[in-house]
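One structure below.
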Amino acid sequence: MADLPFPVEAALADRLARALDTEGKILRALEALGPVAGRDVLLVGESSTVRCRQLVELGARVEPIDRLVPSAGPAASADVIVSTWSGFRGVDEADLAEADRLLRPGGRLLVVHDYGRDDVSRLRGDLPEYGAWSRRDGPFLRNGFKIRVVHCWWTFDSLEDAADFLDAAFGPAGGTVAAELKRPRLSYNVAVYHRSRGETSLL
């Protein structure tokens, strides 16, 4: 489920979707880095989802596509491409070339991934997005991306609700994190890697 940072069963996915970034900081970052309002936006890997609805409510003209593949759409047809979590697992040259083909001059590519250094990263173990991807010699920054870190939260109705979710979704690791919570929320840092069409790194 591309609206969420990792796949979980439907009932848990609904609970996490309600808890994740209730302040709307990720959406505001996409607008600040795009912008997306009033523009043609390709949303990679998402159709009929929360993120799609949010972008439409913001004023974007959204076209969902499954993935960036050759001939994913007409050349120079988008002002912004947004990919959240499921796409750009690292950076593939073919994906960048296709993004540049689809974007108009000055177009923007925005890629959302977990950043780590937070409560949530303690639940999921050692992942490349928690370290290697955000380094200066990592796959994003060396390919012309810049990074904005968004500090947000998973916010639950109560400590009991948070503990129940964490135990169901993450087992013993979730129980350990839940036992240390003083408030019903977990710190969650998200990286928005952003790049203009054709931009290359100076590294």
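Assorted remarks:
- If only residues of region 133-160 that are free of Cβ contacts under 8 Å to residues at least 40 places away in the same chain and surrounded by 14 or more Cβ atoms within 10 Å (Cβ to Cβ) are counted, the one that is nearest to the chain's Cα centre (by Cα) is Gly138.
- Filter result for Asp3 (surrounded by 18 or more Cβ atoms within 10 Å (Cβ to Cβ) and under 25 Å from Val120 (Cα atoms)): yes
- Of all residues assigned to region 53-60, none qualifies as being touching a residue at least 24 places away in the same chain (Cβ under 8 Å), within 16 Å of the chain's Cα centre (by Cα), within 26 Å of Leu127 (Cα to Cα) and not in a loop (DSSP other than H, G, I, E, B).
- Asp167 touching a helix residue (DSSP H, G or I) at 6+ places or on another chain (Cβ under 6 Å), assigned to a helix (DSSP H, G or I) and farther than 25 Å from Val80 by Cα: yes
- Scan region 140-164 for residues that are part of a loop (DSSP other than H, G, I, E, B) and at pLDDT below 95 and the total you get is 1.
- Among the candidates Val69, Val8, Val36, Val82, residue that is in a loop (DSSP other than H, G, I, E, B), in contact (Cβ under 8 Å) with a residue 12 or more places away in the chain and closer than 30 Å to Phe170 by Cβ: Val8
- Filtering region 86-101 to residues that are out of contact with any Lys or Arg (no Cβ under 6 Å at 6 or more places or on another chain) and either aliphatic (A, V, I, L, M) or under 18 Å from Gly34 (Cβ atoms) (or both) leaves Gly87, Phe88, Val91, Ala94, Leu96, Ala97, Ala99.
The values are calculated or read from the model by the stated rules, or taken from the named source; none is laboratory data. Here the structure is a predicted model, which is why all the values come from computation and not from measurement. With ideal geometry, Cβ positions are generated from the backbone for all residues, glycine too; neighbour counts draw on all protein chains shown.
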